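K.L.:
One structure, pasted below without further comment.
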Amino acid sequence: MSSVAPIIRFEAVDKWYAEYHALANINAEVAKGEVVVVCGPSGSGKSTLIRTVNRLEEIQKGRIYFEGQDIHAGSLELNKFRSHVGFVFQSFNLFPHLSVADNIMLAPTTVLKRSKADARDKAAQLLTRVGLASKIDAYPGQLSGGQQQRVAIARALAMDPPAMLFDEPTSALDPEMVGEVLQVMKSLARDGMTMICVTHEMNFAREVADRVWFMDEGRIVETGDPESFFSNPKTERARRFLSDLRSH
Amino acid sequence: MSPVDFSVLAKGDYPQLIAQGLVTMLELALLAWLLAVLVGTVLALVRMTTSRLAQSAVAAWVEYHQNVPMLVQILLWYFGIATLLPPGVQLWINRHAGEFVFATIAVGLAMSAYISEDLRGGIRSIPKSQLEAARALGLTYLQSFRKVVLPQAVRIALPTLVNHTVLLFKNTSLAMAIGVVELTYVTRDIESQSFKTVEVYLFTTVVYLGISLLLMTGGSFLERRLAVPGR
Amino acid sequence: MGDILAILRDFGPLLLIGQYPNGPLGGLAITLLLSVLGIALAFPLGVALALARISPFKWLYWPATAVVYVMRGLPLIMVIFWVYFFLPVLLGRPVSGFTTMLATLVVYQGAYLAEIVRAGIESLPKGQMEAARAVGLSYMQAMRKVILPQALYNMVPSMLSQFVSTIKETSLGYVISVNELTFAANQINSTLLSKPFQVFAILAGIYFILCFCLTQLARHLERRISRRRAGQAAGAPVPVLPIALATTE
């Protein structure tokens, strides 16, 4: 473990939805440049976990640190903080009334007060990076699911976040479009982006993840590097999950 | 029945009267519309806050204005509420076209209830995930609302907003009941003087139908222009 | 507040039933009579206009469409003036304010009901008409026994809200001196002169109570119908017209 402080740290985090214990005693860290894949059966709390990092979900116990700062401190400016964390949703959530360029430029111009010209240049760069340079003035309704998700990734990247969170980014896509999105994510990982990805795509995990967190019933049951997790899971629950995944 | 003769409308001071009626009607409609949109938008926003008191207050406002006839609201304002104002204010208002002022307020506030409901419906139809995505990017609640939710909500509410604009325009005719010299008042005036009923009524009918049609086609045009390009 | 109770005590009967039994019926009674008769007579007219608007015969379609568009574009008060002028000419004898108002409401509401019925018919799946014709029913029989019953059931909340609109529209009878509720209130105000706010507040209150209760009933029915429809297998979900869209006043 390096001596540099981790980018994201969960300390004894608990969350309840009324009676339902969604997250139980989560303790974990993500180092700079690390790619973590979170997997597990549905209802295990994977999405809830990453949504606590940018406070789309609130916790009742414990602490979460981002770049060393307690994200629930009273002194924290929530909006500024959120603009610093990249988030990619399962259903893309592009703004349908804005063009692709405007989607990407909205936050940089409104929150970071960048000029429209600068923001548009950056948007063009990012679209090239995700392979959609020609679609800069198209509208979300004119794009396929895979294209929309890639625009969503560009939109998150436009804010130059130190870390990116992915909430099942390919689950809502038709199978033939999953590859193009995973390719973008893989190139991000190789360029050194710190990432937490909730995903079922095990090949992606094998190729670029540094660690896998296996969650079940609100707890991180097992962690490890992808190769040993997939070939030799240590816990019974993980074994059951992986065999279910392979059999269907 | 004597043959229809429209030239009667050009005689004497009738043209001037008709012009006055037209201008007053348009002024009344425009001012009432601006008031309705302004108040309606504020009400829709207030209704979205978490305060139960605020929500009940707006709901009560909407229910009152939608269940009491427009004419009765105008009468209540002009004959009733006017008398509750301090005498100095009453005097000032009477010297400055009191009937027009109260008619504008009555129609504007009544239609604000409909506008706020239209906007509320539009806002509710925008999925929460849109707001979430905007907040996740770091936009404040107000910024998210202004740049992401409201533009989409207005597009959805546009057809009913246009319908209610036409309704507001038609409701200006009720101002004649308190003596506002708008088009319907002038129509009745000229008819009772000249007995050329068909001519006057036809003229006014064509004007009302023409403007209503203009508003409706304008609305369709706006809908098409604002439509988001899709597949 | 005491004023309001005093006015209700002294003039209550006048507001509710006019000078009956010592004179003609008036006030709220006339308002209700006009509204109920108005919507009842407007209903068959509305259905007829709706059928004309969906018919392929142009000689039916265009006049019906013209009537509907004119009623949507003209203020009610102008329609009243037209009827006030034309009806005596048509019938060859003088016509009372009540009859004028009734005829106006029938035509005006007939046009709005036509659009509601038309929406109801068009929202039913095409398969319904096809199935009815396939078993040998004629167009009119299919309409009467299969299409209209379903369409009208779905449109009950919207029609109820049109009834509420009709009640509000009767207030315009005041302008042609029909002795309905608003006219009665105005008479009381002219007599009292010292309490205009209280009188008109009472007037607004009566309409509010009446219309609010009916609107709540309409909303309740809308929820029940939506729930019923959600459980049905065949066809697309029926769009029950939002109440706000249906009101004309």
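K.L.:
Sorted by mean Cβ packing within 10 Å, highest first, what order do the peptides C:129-141, B:63-75, A:204-216, B:204-216 take? Walk me through the intermediate numbers first.
P.N.:
Working: C:129-141: 12.2, B:63-75: 23.4, A:204-216: 21.0, B:204-216: 17.5.
Most protected by this proxy first, the peptides run B:63-75, A:204-216, B:204-216, C:129-141.
K.L.:
Enumerate the lysines that A:Lys80 could reach by cross-link, defined here as Cα to Cα under 22 Å, with residues fewer than 8 away along the same chain left out.
P.N.:
Those lysines meeting the cut-off are A:Lys32, A:Lys113, A:Lys116, A:Lys122, B:Lys128, B:Lys147.
K.L.:
Using the Cα centre as the reference, give the magnitude of the dipole from point charges on the C-beta atoms of chain A (Lys, Arg: +1; Asp, Glu: -1; all else neutral), rounded to the nearest 20 debye.
P.N.:
Values: 29 positive and 31 negative charges, 83 e Å.
With only Lys, Arg, Asp and Glu charged at Cβ, the dipole is about 400 debye.
K.L.:
Once Lys and Arg get +1 and Asp and Glu get -1 on their Cβ, which of B:Thr197, B:Tyr114, B:Thr172 lies farthest toward the positive end of the dipole of region B:12-226?
P.N.:
Farthest towards the positive pole: B:Tyr114.
K.L.:
Could you give the C-alpha radius of gyration of region B:12-226 expressed as a fraction of 2.2 N^0.38 Å, taking N as the number of residues it contains?
P.N.:
Values: Rg = 20.3 Å, N = 215, 2.2 N^0.38 = 16.9 Å.
Rounded to two decimals, the normalised Rg is 1.20.
K.L.:
Quote to one decimal, in nm, the extra length available between A:Asp121 and A:Ala18 on full extension: 0.36 nm per residue of separation minus the C-alpha distance between them. Write out the running numbers ahead of the final one.
P.N.:
Working: separation 103, 0.36 × 103 = 37.08 nm, distance 4.64 nm.
Gain in length upon complete extension: 32.4 nm.
K.L.:
How far is it, in nm, from the label point at C:Leu137 to the one at C:Arg223 when both lie 7 Å from their Cα along the line to the Cβ?
P.N.:
Label at C:Leu137, label at C:Arg223, 3.2 nm between them.
K.L.:
What 222 nm value per residue comes from the helices of chain B, counting each DSSP H run with n ≥ 4 as -39,500 (n - 2.57) and dividing by all residues, nearest 500 deg cm²/dmol?
P.N.:
Details: 10 runs with 169 residues, N = 231.
That comes out to -24500 deg cm²/dmol.
K.L.:
Using Cα pairs under 8 angstrom and six or more residues apart, how large is the relative contact order of chain B, in percent?
P.N.:
Numbers: 223 pairs, mean separation 68.7, N = 231.
Averaging sequence separation for qualifying contacts and normalising by length gives 30 percent for chain B.
K.L.:
On to the next question. Compute the relative contact order of chain A as a whole-number percentage, counting only Cα pairs closer than 8 Å that sit 6 or more residues apart in sequence.
P.N.:
Numbers: 432 pairs, mean separation 65.9, N = 248.
Relative contact order comes out at 27 percent.
K.L.:
Give, rounded to the nearest 20 debye, the magnitude of the charge dipole that the protein assembly as shown has about its Cα centre when Lys and Arg contribute +1 at Cβ and Asp and Glu contribute -1 at Cβ.
P.N.:
On the way: 64 positive and 53 negative charges, 156 e Å.
For the protein assembly as shown, the charge dipole is close to 740 debye.
K.L.:
Given Cα pairs under 8 Å that are at least 6 residues apart, what percent is the relative contact order of region A:128-248?
P.N.:
Details: 96 pairs, mean separation 21.0, N = 121.
Relative contact order comes out at 17 percent.
K.L.:
Right, another one. How far apart, in nm, are two points set 7 Å out from the Cα along the Cα-to-Cβ line at A:Ser243 and at B:Leu214?
P.N.:
For A:Ser243 paired with B:Leu214, the spin-label model returns 7.8 nm.
K.L.:
Which is farthest toward the positive dipole end of chain C among C:Gln128, C:Ala64, C:Thr100, measuring Cα position about the Cα centre, with Cβ charges +1 (Lys, Arg) and -1 (Asp, Glu)?
P.N.:
Going by the charge dipole, the pick is C:Gln128.
K.L.:
Check cross-link reach from C:Lys168 to the lysines: straight Cα distance under 30 Å, and skip same-chain residues fewer than eight apart.
P.N.:
B:Lys170, C:Lys195
K.L.:
Could you list the residues of region A:16-45 with an amide nitrogen less than 17 Å from a label point located 7 Å from the Cα of A:Gln60 in the Cα-to-C-beta direction?
P.N.:
A:16-26, A:45
K.L.:
So which lysines pass the test for C:Lys126, namely a Cα distance under 19 Å, with those fewer than 8 places away in the same chain ruled out?
P.N.:
Here the lysines satisfying the reach criterion relative to C:Lys126 are C:Lys145.
K.L.:
Along the positive direction of the dipole of chain B (beta-carbon charges: Lys, Arg +1; Asp, Glu -1; about the Cα centre), which of B:Leu75, B:Ser51, B:Trp33 reaches farthest?
P.N.:
Checking the options against the dipole of chain B, the answer is B:Ser51.
K.L.:
For A:Lys61, list long-range residues whose amide hydrogen, built 1.01 Å from N in the peptide plane, is under 5 Å from its own amide hydrogen.
P.N.:
Excluding prolines and chain starts, which carry no amide H, the hits are A:Asp14.
K.L.:
Sticking with the crude label model, points 7 Å out along Cα→Cβ, report the distance from C:Thr65 to B:Leu26 in nm, one decimal please.
P.N.:
Taking the two extended label points, one gets 3.0 nm.
K.L.:
Calculated FRET efficiency, C:Ala6 and C:Thr191, Cβ-Cβ r, R0 22 Å, to nearest 0.05? Spell out each step's value before the answer.
P.N.:
Working: r = 13 Å, r/R0 = 0.60.
Calculated transfer efficiency: 0.95.
K.L.:
Using only DSSP helix segments of four residues or longer, with each worth -39500 (n - 2.57), what per-residue ellipticity at 222 nm results for chain C after dividing by its residue count and rounding to 500?
P.N.:
Details: 11 runs with 188 residues, N = 249.
Taking each H run of at least 4 residues, the total per residue is -25500 deg cm²/dmol.
Here, each number is a calculation from the coordinates, and none is a lab measurement. What you see is a predicted model; the values in this text were computed from it and never measured. Glycine also receives a Cβ, built like all others from the backbone with ideal geometry; neighbour counts cover every protein chain displayed.
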